[in-house]
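Input: a single structure, listed below in structure tokens.
Quick note: the coordinates plus some simple rules give every number you see, no bench work behind them. These numbers were taken from a predicted model, which means no experiment stands behind them. Every residue, glycine among them, receives a Cβ derived from its backbone with ideal geometry; neighbour counts consider all protein chains shown.
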Number of protein chains: 2
Amino acid sequence: MADLVRIFDTTLRDGEQSPGASMTSAEKLEIARALARIRVDVIEAGFPAASPDDLAAVRTIAEQVGATEASPIICALARASAADIDLAWMGVHAAARPRIHTFLATSDLHMQHKLRMTRDEVKARVGAMVAYARSLCDDIEFSPEDAGRSDPAFLYEVLEIAIAAGATTLNIPDTVGFAVPEDYGKLIAYVIANVTGDFVVSTHCHDDLGLAVANSLAGVSHGARQVECAINGLGERAGNAALEEVVMAIRTRGDYFEGLAVNVKSDELARTSRMVSRLTGYHVQFNKAVVGRNAFAHEAGIHQHGVLADRETYEVIDASEVGQEAAQIVLGKHSGRHAFADTLEKMGMHVQGDALNAAFVRFKELADKKIEITEADLEAIVAEELGAGIVHRYSVHELELHGGTATKPSARVVLGFGDGKVEATGSGDGMIDAAIAAISEATGVSGTVGNFQVSSVTGGSDALGAVAITVDSDGRKVTGRGVATDVVEASARAYLNAVNKLVRLRERGEVREKIEGV
Amino acid sequence: MADLVRIFDTTLRDGEQSPGASMTSAEKLEIARALARIRVDVIEAGFPAASPDDLAAVRTIAEQVGATEASPIICALARASAADIDLAWMGVHAAARPRIHTFLATSDLHMQHKLRMTRDEVKARVGAMVAYARSLCDDIEFSPEDAGRSDPAFLYEVLEIAIAAGATTLNIPDTVGFAVPEDYGKLIAYVIANVTGDFVVSTHCHDDLGLAVANSLAGVSHGARQVECAINGLGERAGNAALEEVVMAIRTRGDYFEGLAVNVKSDELARTSRMVSRLTGYHVQFNKAVVGRNAFAHEAGIHQHGVLADRETYEVIDASEVGQEAAQIVLGKHSGRHAFADTLEKMGMHVQGDALNAAFVRFKELADKKIEITEADLEAIVAEELGAGIVHRYSVHELELHGGTATKPSARVVLGFGDGKVEATGSGDGMIDAAIAAISEATGVSGTVGNFQVSSVTGGSDALGAVAITVDSDGRKVTGRGVATDVVEASARAYLNAVNKLVRLRERGEVREKIEGV
């Protein structure tokens, strides 16, 4: 039987730490469901100590996505402290297969400058906290942060302490993305050779030099049997190893990775990539490997000829293997509510209650303007509705826009609010600016717009425009999403979506604690 | 003295083969100038046999960017035929240091299915054509296409024939992006061990499995002394190795790449990346290594703390090393023509005559609406003007837009055309759609809109919106660019920019020959 390389997805933890990529619990749950569908082995669902919302999201995922023995392992991150570990356990304990992942830095640089702890203090803390976590949960992962720059002898010592205290997986992070494949492969081999005990070794590589996937694969070649990675390579700074690239490299190069297997199915990688892109506002560049829009396209003639003559001459991966064909037409303006819900279900999107009602209303509005609604369009519509976190404080009732080169752009909005309506006008340097001013005026919520991303869902000037907009307000940063046939309307909807999130956060008085990652 | 790893940039050849990334001669010249500024060793300027425009672009670059012995080598690609080689030589001969790069496939798969040639025929053709190229030019590069899947013994034989015929550089392409670093490193080592003669070995890796940079670096570790790469990793399908990642890996990991050096300066990598992104319409994802917007950003608190305490704890590369600080404010509405031209010159953007006039007019229009014009804004303004290919057939005179949820979006345009004006109205599902309909009506040129990309130049709702739009018309595909404070206006300008390009192509009756790459 083939040796399994476990795929540990950290989109919801390290990926979510990307600036402006923070998601609501409903959005995280949707992504966790998609990850379960493609059969990742472990879902790192969050960092419960970061905020009550993070804890709630992890708990919901444990209950709804991790319920059975056939479900993925649901993991939560915790610093090496009893308080963090307690919160992590509260998050994951409802899962059939829970895991706690705790970490502490082992490089001199981090111990001195960040932890201000001695080597002996670090060893004692690791022993005590891994043992404490193990007293709660049978499946414990330990990460020595900045392992790549740690003194090897000290690193092995700490890892043996973790094993003796009950850790079952040892994750060796290249925290700063400094490694090259040869070094990182050796580091993994040395850990296996020098640490006594029964454990799975895991990779965790950052992409600062563009080498995260290569380093992860070098780890696998040298004995690692878990790879930590994220959809679209999301993560801090330049991100983590891209899940889709790691999976397709191992699958496509079975001759090289002989005797190794991955559980992840490839045929929904493209859809999962689109979902994560839409929910985080992090677009995938056209020439991104495996999931980029052009990953399988050929411009030059002979390559096309080659493809026609024999696909093997140029393409290693078939577009259909990763589900990257043009999204098929699924629904039209005459489709009913049942067909709509049914199609979402088939696509693996679980939307219920008020969110389903709201999504159906938006679907009908858009289907009226656009003859064909594709799968990708549906994804965008649902993403807008999920973004509001189920409850809509404000909704778009009417929007009027005027602009051009001769007049100052202006907007008038009428928003639904509870049973009533609020109305306001605004102007600006552009119509989007004007619409945002009008919405700020009507809602009394204003913020600074940071990232602003527009993409056409399917291509063509009559395609749906999907907008993701990051808004900073009183130290809170949220991402709003909107979709419409008109790009200014989509932007107004995205801004209102962000406003709804801000209102909800203020009502809860919640401040997310700023804490560390691996 | 350190051993030089030559950086061979193929942004203008392999990169330009990306669907919809085709550029005008003026745009290519601008990129070539930027490449010379960062000191790449070789610029592959194009594929002269592809079209008269490609030949003209290569020739202009050879004359204006390759004029002195201190300039980069200017290279042109040619299939292994006398006709192609003659055109390549016409393109590069004006350079102080010209190079001809010719290629022929050596894998059984390609020889049988694509070339329909026997091994003996391939050997004879390589010998004859490399000798012919060498009779014209002293610097000859030969690439055995699909080297990675070629029979090694046959590959070495063909390479020795090329050396005997006068080739000075042997480029070993992983045409299909199928290699893993260990294999590719061995391939390079075997070529060096088994091919007799005096030559430089070059890498050329595609990123289909996300391993292009790692494979290129493995090649360098095994003796390659030239790396073919492209800004932002542009290129067919998932693209080539990213120049900025290769350069920063070698520079940052001097301990690993001991005794090796690169000439490329890092401090304008970010600006060069932005320029290529804008001129090709290929956006860079936020989490792209080295040049992504977030490559140096930290969200999680302790990482921020770590950065403050000691930059070394988390960042391997300093943002300023690659010139990725926030673009500084450079000009305002009171800046005059001289200051404008002077600033462009300092930024390395060479714009003269009509294009400078047009760019200055646009600058004043935008400065009137926006108090501060940043470097990034200036780059966008100039990119729009360059895109029109100096001569503007049509220009935006007036634009009026109306839209919202209650009315069908509509647009009215008045375009300047020679000394006269044309006017038209249009409507659509969105205001962009309406503006495009009006422009199509006014100009009589219509096309299918494919890729449509909007980005804010600097962030914030009042930022300039930069739009890149790909238009297909009668089998021609062009990219138009526009910038404005209003996103719909920017889209209308981008579409008109594309229309101007189409008109120019039709006037020349030019059809680009579809041909192959490496």
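Across the stretch A:167-194, the residues whose backbone nitrogen lies under 16 Å from the label position 7 Å along the beta-carbon direction of A:Ala153 are A:194.
Each other copy places its own label point for A:Leu4 at 5.4 nm from this one, sorted shortest first, where the point lies 7 Å along the Cα-to-beta carbon line.
Helical content alone sets the calculated 222 nm signal of chain A at -12000 deg cm²/dmol, taking -39,500 (n - 2.57) per DSSP H segment of four or more residues and averaging over every residue. Put a dot 7 Å past the Cα of A:Ser320, heading toward its Cβ, do the same for B:Lys346, and the two dots end up 5.8 nm apart.
Please report Rg over Rh for the stretch A:1-116, where both radii come from the alpha carbon positions and Rh follows the Kirkwood definition. Write out the running numbers ahead of the final one.
Values: Rg = 14.6 Å, Rh = 14.5 Å.
With Rh from the inverse mean 1/r over Cα pairs, Rg/Rh is 1.01.
Sequence-ordered 3J(HN,Hα) estimates for the stretch A:257-272 from the Karplus curve with 6.51, -1.76 and 1.60 and θ = phi - 60° stand at 8, 5, x, 10, 9, 10, 7, 4, 7, 8, 6, 10, 5, 5, 5, 5 Hz, glycine and proline given as x.
Take the Cα radius of gyration of the stretch A:257-299 and divide it by 2.2 N^0.38 Å, N being the number of residues; the result is 1.40.
Quick check: from the Cα gyration tensor, does the protein assembly as shown come out rounded (a/c under 1.5), prolate or oblate? All intermediate terms of the calculation are to be shown ahead of the outcome.
Working: a/c = 1.65, a/b = 1.04, b/c = 1.58.
Judged from the Cα gyration tensor, the protein assembly as shown comes out oblate (a/c at least 1.5, b/c at or above a/b).
Normalising the Debye intensity of the stretch B:171-302 to I(0), with uniform scatterers on Cα atoms only, and taking log10 at q = 0.12, 0.19 Å⁻¹ returns -0.49, -1.09.
Here's the list of lysines a cross-link from B:Lys186 could span, going by alpha-carbon distance under 22 Å and ignoring same-chain residues fewer than 8 apart: A:Lys186.
Copy-to-copy label distances for A:Asp419, where each label lies 7 Å from Cα along Cα-to-Cβ, are 6.9 nm in order of increasing length. Rounded to the nearest 0.05, what FRET efficiency is calculated for B:Ala83 and B:Lys186 with R0 set to 35 Å and r the Cβ-Cβ distance? The value I calculate is 0.45. Under 5 Å from the amide H of A:Glu145 lie the amide H atoms of A:Leu104, A:Ala105, A:Thr106, each residue being 5 or more positions distant or on a separate chain, with H modelled from the backbone and absent for Pro and chain starts.
Here the Karplus curve 6.51 cos²θ - 1.76 cosθ + 1.60, taken at θ = phi - 60°, turns the phi angles of the stretch B:433-438 into couplings of 3, 5, 5, 5, 4, 5 Hz, with x standing for Gly and Pro. Near A:Leu464, the amide H atoms lying under 5 Å from its own belong to A:Val457, A:Thr458; only residues 5 or more places off or on other chains count, and H is placed 1.01 Å from N. Taking the longest Cα principal axis of chain A as reference, the axis of helix A:353-369 is set at about 50 degrees.
Converting phi to 3J(HN,Hα) with the Karplus coefficients 6.51, -1.76 and 1.60 and the offset θ = phi - 60°, the stretch A:176-191 yields 9, x, 9, 6, 10, x, 4, 4, 5, x, 5, 4, 5, 4, 5, 4 Hz in sequence order, with x at every glycine or proline.
Of all aspartates and glutamates in the structure, those lying under 14 Å Cα to Cα from B:Lys501, and not within fewer than 8 positions of it along the same chain, are B:Glu27, B:Asp53, B:Glu384, B:Glu385, B:Asp472, B:Asp474, B:Glu510. Checking the cross-link filter: which aspartates and glutamates have an alpha carbon closer than 15 Å to that of B:Lys265, excluding same-chain neighbours under 8 positions apart? Straight-distance partners of B:Lys265: B:Asp9, B:Asp41, B:Glu244, B:Glu245, B:Asp318, B:Glu321.
Compared with the dominant principal axis of the Cα atoms in chain A, helix A:487-508 is inclined by about 60°. For A:Asp342, the distances from its label point to the matching points in the remaining copies are 7.1 nm, ordered from shortest, with each point set 7 Å beyond Cα toward Cβ.
Taken along the Cα-to-beta-carbon direction at a fixed 7 Å, the label points for B:Thr407 and B:Glu423 span 1.7 nm. Sorted from greatest to least, the principal axis extents spanned by the alpha carbons of the stretch A:111-231 come out as 37, 32, 29 Å. Overall shape: rounded for the stretch A:394-493, with the ratio a/c of the largest to smallest alpha carbon gyration tensor axis below 1.5. Using 0.36 nm per residue and subtracting the Cα-Cα separation, the extra length available between B:Arg506 and B:Thr68 on full extension is 154.1 nm. What Kirkwood Rh does chain B have if only Cα atoms enter the pairwise 1/r average? Answer in Å. It works out to 24.1 Å. With a Förster radius of 35 Å, plug the Cβ-Cβ distance of B:Asp255 and A:Glu121 into 1/(1 + (r/R0)^6) and report the FRET value to the nearest 0.05. After rounding to 0.05, the efficiency reads 0.75.
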